[in-house]
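Here's the structure we're looking at; comments come further down.
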Amino acid sequence: MKNNNPTQDVVFNKMITDDFTNLFGQNLTQKLKNDYFDNFKFLPIINKELLEKIKIDNPDLDYMMFIRFMTTDSDISKPKTLQIIDYKDIKYKREYHILFDLYNLNTKENIYSNEAVSILEKLDASGITPSELSQLKQTYKKIFKDFAKSISQ
């Protein structure tokens, strides 16, 4: 389940679906929206009672993968008062966090949990920086690679 993917990029969304389908085959059920979670909450509370309700409502499912995307974007050069600022003086920081959890719905336990973080600090206009989508993809690939490696052991 992709709780709050910050992009509507079709290729990125398909990449996530294809990665997990290739890993698990056709036994993968995907739900882009789920009534159990409020996408506006920073971190949903997932406890045994909630996992029990999900299992009752979806008796054919054995596991739930929960992927949460979080981003912060800040202009660290923003002046305190109104003034004209030169583009070359703009400094900002962009951070992506992707949290990945795997729950066993039969035992109601979290069996895998990890976080991938990427931080981009643009200190001036002279450097080339990756696009937001490129940075998000790199962060996702990092966490997926770690997860795939962990289940192959």
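Leu136 passes all but one of (1) open to solvent by less than 30 Å² (accessible area, probe 1.4 Å); (2) at pLDDT 90 or above; which number fails?
Every listed condition holds for Leu136 apart from (2).
Looking at region 138-153, I want the residues that are in contact (Cβ under 8 Å) with a residue 24 or more places away in the chain and have a partner that is assigned to a helix (DSSP H, G or I) with Cβ atoms under 7 Å, at least 6 apart or on another chain. Which pairs are those?
Short answer, once both residue conditions are applied: Tyr140/Ile16; Phe144/Asp19; Ala148/Leu23.
The values are calculated or read from the model by the stated rules, or taken from the named source; none is laboratory data. Only a predicted model underlies this, so the values are computations on that prediction, with no experimental measurement involved. Cβ sites come from the backbone with ideal geometry, for glycine too, and all protein chains shown count toward neighbours. Accessible surface is based on the protein model in full, side chains and every heavy atom, while ligands, DNA and RNA are left aside. Shrake-Rupley method; radii C 1.70, N 1.55, O 1.52, S 1.80 Å.
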